[in-house]
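Encoded as C-alpha cells, the structure appears first; notes follow it.
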Amino acid sequence: MVERYVLSIDQGTTSTRCILFDHQGRLVSVAQREHQQYFTQPGWVEHDATEIWANLGRIVPRALENAGVGPGQVAAIGIANQRETTVLWDRRTGVPIGNAITWQDTRTDALVDELRRTTGDDFFLDRCGLSPTTYFSAPRIRWLFDHVDGLRERAERGEVLFGTVESWLIWNLTGGPDGGLHITDATNASRTMLMNIRTLSWDEELLGYFGVPRAMLPEIRPSAERYGVARALLPDVRIGAALGDQQAALFGQTCFAMGEAKCTYGTGSFLLMNTGTDPVRSRHGLLTTVGYKIGDEPTVYALEGPIAVTGSLVQWFRDRLGLIHSAPEIETLARTVEDNGGCYIVPAFSGLFAPHWRSDARGVVVGLTSYITKGHLARAVLEATGWQTREVIDAMNADSPEPLKALKVDGGMTANNLLMQFVADVLDVPVVRPMVSETVSLGAAYAAGLAVGYWPDLEGLRRNWHRAGQWMPTMDPARREAEYENWRRAVERSLGWMRS
Amino acid sequence: MAGPVQSIERAAAILRLLAQGSGRLGLGEVSAALGLAKGTAHGILRTLQSVDFVEQDKETGKYQLGAALLHLGTSYLDINELRSRSINWADALAARSGEAVRLGVPLEGKVLIVHHVFRPDDTFQTLDVGSLLPLHASALGKVLLAFGATPLEPVMEAEPEGYTRHTLTSHQQLGRALGEIREAGWAAAVQEMIMGEADIAAPIRGQGGLVVGAIGVSGSVERLCDSRGRPDPPLVGLVRDAARAVSRDLGAARW
C-alpha cells in the first residue's frame, strides 16, 4: 500500500514552512522560505501577501520532493498561520490592497486608546472576549477605511475582501478570482474583534461599531472540516483545517482536556489553557479565545496569556550587551553562579502584557550591588521568563475551574535545561517537552487529518504524543515564595515609568 | 615525505605577527610586514577568520587574534549550543528508533551527558543530563576516544575498571576496539557497563571534521541487538544518519 501523509502549512511571521507528517505524527520533510518584513514607518510592520503566496508555490513542491512523495499521496492539507494579520484584496483581480498589516504593527494605537476611552472594555469583552489592543484586526480595517479613498464603498459593494492569512491562502489555493473559497476558521475569527465569542458568527453590533461591511468578510467555519479541494499547487487534495498558530500548538500538544495547557517559548511566549466548552471571561488580564472547533462538535475555548519579551531578552543580552556569542550560551554563563545574587530583570521593553497590560511600564534591573557578575545577570534573564510564566499561570488558575497540573512546553527555549527546571520549580508542577517540537505544524496536520479520517479521533492523536523530556519541581517552597515576592517587588518598580 | 605546506607556514607567521605589539593590523600592514602579495595575505586572513583564529574589526577593518585561539585546548563548542543545535535531530532519532537518545561530550576523563531524549513509550523516566559515564565502557565514550575528542593515555594509565565480564579492560582489547570503531565510523557497547544494557553511538563532527561529541541510542540488549548480541543494523543506520545530520548543521562539510 502506498504510504500517505498530511501536509501542513505554517505561515508564520518571518517565514512560511511546509512540513509532511506520517501516520505516527513523525516529521518526514520540511521546506521553508522567509519573506520580507516592511518597516515603512516607526511602529509599522507589513508583509507582501503576494510574496507569501508565491513562497508557498515554491516550498510545497520542495517538501514533496524531499520526501519523494507525489500530490496523490497527500491525504489532506492543514494550515496554521500568524494571527490577526490583516489582508484586503480585490475579489476580481486577486491583487491585495497594499501590504498586509501584521499583528506587530502599532499604527492603530491612537484609535485603540480612543475606543477604550469612549466605549470602555466591557462592550467588547461581552461580545468578542477581547479588550481593544493594537493586536487585533478590526481596528486595522477601520484604519484602512479612514486612510484609503473609496475603500469602504468598494468593500460595501463586495469588491474588496478581508481575510487573515489563512483566508488569503485558502482563497488562492481553491481558485482565487475563479471561484476561490472565502472562508476563515473560528480560532482566527476570534482574533478579529468582530466575531461573537459564543455564537461564532459575525457580531452585528461589532460590525456596526467598527463600520465593517459584512460583504467583505469570509464565512466562519470550524477549524477542522473538509472545506473543499485545492485547485492550485496540490490539485484535488482536500483542505481539512485552519487554525491560528498558537491554537494549532495547543492542538499539536494534544491539550484536549479542560485544564491542560501549553506554553510556546519563542521571541515572546504564548500560554494557552483549554477551558472546555464554555468561554471563561477572565477577571485577571487574560484573553478569551476559541481553542479549536472540530466539525459539528462543541466549540472548545481557551484562555490565553501572551508574554511580550522572553527569548528576545536573551537576544538583547547577546546582541546589545554582547555578553554571550550565541543564545544557548546564556545557560553556560548562568551556570557559572549558584543563584541570581539578589538581581532581577523585568523586561518591560514595550510595556508589560498579560496579566498586567501596562503600557507605561519599562524594563528595570534591580538589586545591583558590586557583588553582581554577568553570570548573575544571565540568571536574572532566564528567571524573568520563569516568573512571567508563573504570573500568567496564577491568573489562569484564578480564572479557570481546573488548576494546572502540568505544563506542556515547546519552542526554541525548551533546549535550555536550566530554564525548564526553573519553570518547573516556580510553577511547582512538572514541565513536559514533547518529542515533536514543531507543535504548530503538527497541530494543523492533526486537525486536517482528523477532518478527512486519516486519524480516527482525539484519542488516536493522543497516542502519537510522546514525552521527550520532563522537569520535576525541586525548589524549597519557602525559597519559592521569597523569590516570587522579590520578583513582584521588581515588577512594581517597572510600572509607571513612562509618562503619558 | 612531503615538505612543509607553504600556506600553513604563512598562516603561522601571520598569527605570530598579530600576537606582537598592539595586535591590530590592517591588510596592508600584514602583507608588507611579511612580504606577501595582498591577495595571498587576504586569502589566509579570511581562512583564519572562518575558523575564528582571527577577528576583523567591523569599523577599522583591522585584524587581531580571535577568541578561539585563547581557548585552544578547551572545548570550542559550547555544550548548550551543541544541545540546541542537535535537539531536533535527537528527537527524530528517538521517534524513529523508539529508543532513548543521549549526547555526550568529554569531561575530565569521563563522558558528560549533555542531552537526553526519553524513550518514546511514556514510561516514567528521568533526565540523565549532567551525569557521567566511563569512557571505555560506553559506546558514546569509545567514540570520543576513537576519534581523538579526548586523550586515550589517562584511561590506559588508570587501569580501566571492569564493570561486567564484557568490559574492555586490557590495553590490547581497547586499542583493537578503537581501531575497529575508527574503521566502521560507529561504536557499540553491549553489556560492557551494565548487564542487559547496550548503547550504539556515532561521532558528531564540527568544522574541519573535528569530533566534538557523540550521539547514540541506549536501552536493553534485546531491543538493540540480535540474538547473538550484535547491534541491529537498521538502528546503527539511524544513529549514523542523526550524527551526520547534526554534523552538517555544525558546519562539517564531508560527513
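Does segment B:80-99 hold any residues that are among the small types (Gly, Ala, Ser), within 10 Å of another protein chain (Cβ to nearest Cβ) and in contact (Cβ under 8 Å) with a residue 12 or more places away in the chain, and which are they?
Residues satisfying the conditions are B:Ser86, B:Ala90, B:Ala92, B:Ala94, B:Ala95, B:Gly98.
Can you give me the number of residues within segment A:392-408 that are of a type in the set (D, E, K, R) and touching a His at 6+ places or on another chain (Cβ under 6 Å)?
Total satisfying the criteria: 1.
Scan (1) over 30 Å from A:Ala248 (Cα atoms); (2) in contact with a Phe, Trp or Tyr (Cβ under 9 Å, 6 or more places away or on another chain) for the single condition A:Gly322 breaks and write down its number.
All conditions are met except number (2).
Look at segment B:109-151 and say how many of its residues are basic (Lys, Arg) and over 25 Å from A:Gly469 (Cβ atoms).
The total comes to 1.
Would you kindly identify the strands (runs of 3 or more DSSP E) lying entirely within segment A:232-331 that contain at least 1 residues that are within 14 Å of chain B (Cβ to nearest Cβ)?
A:261-265
Output the helices (runs of 4 or more DSSP H) that fall wholly within segment B:114-209 and possess 2 or more residues being among the hydroxyl-bearing types (Ser, Thr, Tyr) and away from chain A (no Cβ under 14 Å), or say none.
In segment B:114-209, there are no helices (runs of 4 or more DSSP H) which contain 2 or more residues that are among the hydroxyl-bearing types (Ser, Thr, Tyr) and away from chain A (no Cβ under 14 Å).
Can you tell me which residue within segment B:19-54, out of those that are at positive phi and in contact (Cβ under 8 Å) with a residue 12 or more places away in the chain, is surrounded by the fewest Cβ atoms within 10 Å (Cβ to Cβ)?
B:Gly23
Looking only at segment A:332-351, which residues are of a type in the set (Gly, Ala, Ser) and either within 14 Å of chain B (Cβ to nearest Cβ) or over 17 Å from A:Gly386 (Cα atoms) (or both)?
Passing the criteria: A:Ala334, A:Ser350, A:Gly351.
Within segment A:18-57, track down each residue that is under 20 Å from B:Ala92 (Cβ atoms), at pLDDT 90 or above, crowded, with 23+ Cβ neighbours inside 10 Å and not aliphatic (A, V, I, L, M).
Correct list: A:Cys18, A:Phe21.
Restricting to segment A:298-347, name every residue that is of a type in the set (D, E, K, R) and touching a residue at least 12 places away in the same chain (Cβ under 8 Å).
Once the filter is applied, which keeps residues that are of a type in the set (D, E, K, R) and touching a residue at least 12 places away in the same chain (Cβ under 8 Å), segment A:298-347 yields A:Glu304, A:Arg318, A:Glu331, A:Arg335, A:Asp339.
Which of the residues that make up segment B:28-71 are assigned to a helix (DSSP H, G or I), closer than 19 Å to A:His325 by Cα and not hydrophobic (A, V, I, L, M, F, W, C)?
Correct list: B:Gln49, B:Ser50.
Does any residue of segment A:428-451 turn out to be surrounded by fewer than 18 Cβ atoms within 10 Å (Cβ to Cβ), in contact with a Pro (Cβ under 6 Å, 6 or more places away or on another chain) and either within 14 Å of chain B (Cβ to nearest Cβ) or not in a helix (DSSP H, G or I) (or both)?
yes
May I ask you to verify whether A:Ser282 is of a type in the set (S, T, N, Q) and closer than 19 Å to A:Val346 by Cβ?
So A:Ser282 fails the test.
Would a scan of segment A:378-398 turn up a residue that is within 22 Å of the chain's Cα centre (by Cα), modelled with pLDDT of 95 or more, crowded, with 20+ Cβ neighbours inside 10 Å and not in a helix (DSSP H, G or I)?
Within segment A:378-398, none of the residues are within 22 Å of the chain's Cα centre (by Cα), modelled with pLDDT of 95 or more, crowded, with 20+ Cβ neighbours inside 10 Å and not in a helix (DSSP H, G or I).
Which residue is farthest from A:Val452 (Cα to Cα), if the candidates are limited to segment A:22-34 and must be away from chain B (no Cβ under 11 Å) and in contact with a strand residue (DSSP E or B) (Cβ under 7 Å, 6 or more places away or on another chain)?
A:Glu34
What tally of residues in segment B:100-113 results from selecting those that are of a type in the set (Gly, Ala, Ser), away from chain A (no Cβ under 11 Å) and surrounded by fewer than 24 Cβ atoms within 10 Å (Cβ to Cβ)?
Adding up the residues that qualify gives 1.
Could you list, in sequence order, the residues of segment A:382-408 that are within 14 Å of another protein chain (Cβ to nearest Cβ) and in contact with a helix residue (DSSP H, G or I) (Cβ under 7 Å, 6 or more places away or on another chain)?
A:Leu382
I'm trying to understand the selection: among the residues of segment A:4-21, which are away from chain B (no Cβ under 14 Å) and in a strand (DSSP E or B)?
Once the filter is applied, which keeps residues that are away from chain B (no Cβ under 14 Å) and in a strand (DSSP E or B), segment A:4-21 yields A:Tyr5, A:Val6, A:Leu7, A:Ser8, A:Ile9, A:Asp10, A:Gln11, A:Ser15, A:Thr16, A:Cys18.
Within the group A:Thr85, A:Thr106, which residue is in contact (Cβ under 8 Å) with a residue 60 or more places away in the chain and either of a type in the set (Phe, Trp, Tyr) or in contact with a His (Cβ under 8 Å, 6 or more places away or on another chain) (or both)?
Answer to the selection: A:Thr85.
Residues are listed down the side, and each one gets a yes or a no for (1) more than 18 Å from A:Glu304 (Cα to Cα); (2) buried (at least 20 other Cβ atoms within 10 Å of the Cβ):
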site: A:Arg127; (1), (2): no, yes
site: A:Tyr135; (1), (2): no, yes
site: A:Arg140; (1), (2): yes, yes
site: A:His147; (1), (2): yes, no
site: A:Val165; (1), (2): yes, yes
site: A:Leu169; (1), (2): yes, yes
site: A:Ile183; (1), (2): yes, yes
site: A:Ala186; (1), (2): no, yes
site: A:Met195; (1), (2): no, yes
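Any residue at all in segment B:97-108 that's closer than 24 Å to B:Asp241 by Cβ, part of a helix (DSSP H, G or I) and either in contact with a Pro (Cβ under 6 Å, 6 or more places away or on another chain) or assigned by TED's automatic domain parsing to the domain that holds B:Ala139 (or both)?
yes
Could you grab the pairs with beta carbons closer than 7 Å, sequence gap of 6+ or different chains, first residue in segment B:135-164 and closer than 23 Å to B:Pro231 by Cβ, second one of a type in the set (Asp, Glu) and part of a loop (DSSP other than H, G, I, E, B)?
That search, which allows pairs on different chains as well, returns B:Ala137/B:Glu192; B:Tyr163/B:Glu192; B:Thr164/B:Glu192.
The values are calculated or read from the model by the stated rules, or taken from the named source; none is laboratory data. From a predicted model like this one, the values you see are computed outputs, not experimental measurements. Note that each Cβ is placed from the backbone with ideal geometry, even for glycine, and that neighbours are counted across all protein chains shown.
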